[in-house]
Ligand code: FAD
Ligand code: UDP
């Protein structure tokens with residue numbers, strides 16, 4: 001029986017943070033395992049044969065308002081500042097996303113755009129973000145018209161494709177990630193810090209794991225080794241329902257398929273991400289050379305097809321949050337509390353639709369909780 005002090009399941013961002021803290025702050029050995037053949041989990045990137053850095057699991061832009069998180073990661077990477085612009089392909093033309101005052105002028109005749117602009121600013125104030133589901137509850141006729149337009153052209157079909165359910169059935173927090181913006185700011189995010197690791201995410205994670213006290217074993221599923229290994233602490237960043245062998249039932253997840261294609265042209269689209277809410281089976285196309293401003297004659301895109309998650313066939317990317325799934329998750333979380341020394345974290349362990357900064361923040365908080373008092 002192999003004995004380890006700390007076992008971390010998952011070499012994604014959450015696993016890397018907790019391993020790094022334990023090794024560097026407690027000077028304790030850590031074994032990190034992952035069932036994939038690479039570290040970094042879903043933020044993995046690598047060089048394509050063209051020389052372009054490709055985000056294998058979809059576009060990843062680091063953004064946060066939290067200086068603590070920014071400073072923490074800055075110890076492991078330098079940054080390429082990057083402000084994401086997104087377009088949506090609607091009625092055979094590109095419009096700006098999030099839907100903002102500029103989008104009004106792209107979508108409507110001038111007289112109508114001006115009227116809607118004035119109403120939005122009077123009602124909410126300049127610079128305010130309004131979730132579409134809130135705008136839909138507006139009584140004013142013009143604003144109601146605008147809400148319905150945005151809902152039908154941008155949100156309804158995209159959400160049906162992405163989640164398999166309509167925005168009405170979706171958790172409002174998820175819909176509010178992309179609000180209507182009463183401003184002329186075309187940025188997709190509004191955080192103080194927005195950037196991509198200058199040498200890529202994989203290198204950043206490798207730097208976090210680069211400590212003589214940390215060993216990493218890839219192509220190693222937890223279920224293969226769990227009966228042959230003893231640990232004092234376990235940090236599990238895989239799916240919590242899988243850990244408990246689905247004893248209360250399966251938590252719902254959505255999956256994606258990424259078709260990566262090389263195109264023999266300098267640029268394929270006007271910005272890094274284009275959303276296709278309507279008409280196609282895919283939801284978005286990402287053009288990777290934009291992220292690090294790589295100047296190369298050809299280009300690489302990935303086309304994102306949402307899919308039902310099927311165990312053993314594809315990856316669980318997004319927890320699907322609704323009252324029933326949250327209740328099922330709480331059942332597993334209560335079971336987890338009965339296991340002292342075992343901690344669940346990350347997008348899958350915590351069953352949370354979290355961005356990278358939230359994953360880092362939760363892992364740092366967990367470390368503070370387990371850190372022995374001096
Ligand atoms: P993961 O990256 O999923 O890592 C978990 C790891 O555990 C995986 O490597 C998996 O192989 C391994 N594992 C699971 N079970 C087992 C097991 N039983 N045995 C061994 N290994 C196991 N966030 C942003 O901030 N900005 C963005 O622009 C952004 N874009 C995104 C786009 C997409 C398409 C997706 C899906 C997510 C995006 N995110 C973004 C979120 C970001 O990917 C997550 O916050 C982050 O990857 C969470 O890291 P994690 O370590 O918790 O999970
Ligand atoms: N959304 C949409 N149309 C869009 C963009 C987003 O309907 O053009 C909805 C959709 O339900 C999506 C959610 O808003 O899942 C959050 O979008 P975000 O861009 O944050 O998704 P992520 O990058 O996390 O996949």
Exercise. For the stretch 222-271, report the convex hull volume of the alpha-carbon atoms normalised per residue, in Å³, without decimals.
Key: 193
Quiz item: How big is the Kirkwood radius of the chain, worked out from every pair of different alpha carbons and given in Å to one decimal?
Solution: 22.3
Quiz item: Taking only Cα atoms, what is the 0 to 90° angle, nearest 10, from helix 141-150's long axis to the longest principal axis of the chain?
Solution: 50
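Given a Förster distance of 35 Å, report the FRET efficiency between residue 330 and residue 308 from their Cβ-Cβ distance, rounded to the nearest 0.05.
Computed FRET efficiency for residue 330 and residue 308 comes out at 0.90.
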Quiz item: Once the Cα atoms of helix 323-337 and of the chain are each reduced to a long axis, what angle between those two axes, in degrees from 0 to 90 to the nearest 10, is obtained?
Solution: 20
Practice problem: Working from the alpha-carbon coordinates of the stretch 288-374, get Rg over Rh, Rh being the Kirkwood radius. | Solution: 1.11
Quiz item: What 222 nm value per residue comes from the helices of the chain, counting each DSSP H run with n ≥ 4 as -39,500 (n - 2.57) and dividing by all residues, nearest 500 deg cm²/dmol?
Solution: -9000 deg cm²/dmol
Quiz item: Stretch residue 24-residue 337 to full length: gain in nm at 0.36 nm per residue minus the Cα-Cα span?
Solution: 110.0 nm
Quiz item: How much length is gained if the chain between residue 71 and residue 149 is pulled fully straight, taking 0.36 nm per residue apart and subtracting their Cα-Cα distance, in nm to one decimal?
Solution: 24.0 nm
Practice problem: Among 112, 209, rank each residue by its count of other Cβ atoms within 10 Å, from fewest to most, as a rough exposure measure. | Solution: 112, 209
Quiz item: Who wins for biggest fluctuation among 99, 222, 244 in a Gaussian network model of the chain, springs between alpha carbons below 10 Å?
Solution: 244
Quiz item: With the chain treated as a Gaussian network of Cα nodes joined by springs under 10 Å, which of 181, 49, 78 yields the largest mean-square fluctuation?
Solution: 49
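May I ask you to sort 196, 214, 165 by Cβ crowding, counting other Cβ atoms within 10 Å and putting the fewest first?
Least crowded to most crowded, the residues run 165, 214, 196.
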Exercise. Return the whole-Å distance between the Cα centroid of the stretch 18-77 and the Cα centroid of the stretch 302-374.
Key: 17
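Starting from 0.36 nm per residue, how many nanometres of slack lie between residue 368 and residue 260 once their C-alpha separation is accounted for?
Once the chain is fully extended between residue 368 and residue 260, it gains 34.9 nm.
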Practice problem: Evaluate the relative contact order of the stretch 190-291 (contact order divided by residue number), counting alpha-carbon pairs under 8 angstrom at least 6 apart; express in whole percent. | Solution: 14
Quiz item: Going by average Cβ neighbours within 10 Å, how do the peptides 61-68, 290-297 rank, with the highest at the top?
Solution: 61-68, 290-297
Quiz item: Suppose R0 equals 22 Å; then what is the FRET efficiency for residue 248 and residue 223 from their Cβ-Cβ distance, rounded to the nearest 0.05?
Solution: 0.75
Quiz item: Considering the chain as a Gaussian network with a 10 Å cut-off on Cα pairs, which listed residue, 26, 213, 348, attains the greatest mean-square fluctuation?
Solution: 26
Practice problem: Report, to the nearest 10°, how far helix 110-124 tilts away from the longest principal axis of the Cα atoms in the chain, using its own Cα long axis and a range of 0 to 90°. | Solution: 50
Quiz prompt | Per-selection Kirkwood Rh - the stretch 204-331 (Cα, Å, 1 d.p.) | solution = 18.6
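A short reminder: the numbers here are calculations on the coordinates, not readings from a lab. Since we're looking at a predicted model, the values are computed, not measured. Reconstructed Cβ throughout: ideal geometry from the backbone, glycine too, with neighbour counts over all protein chains shown.
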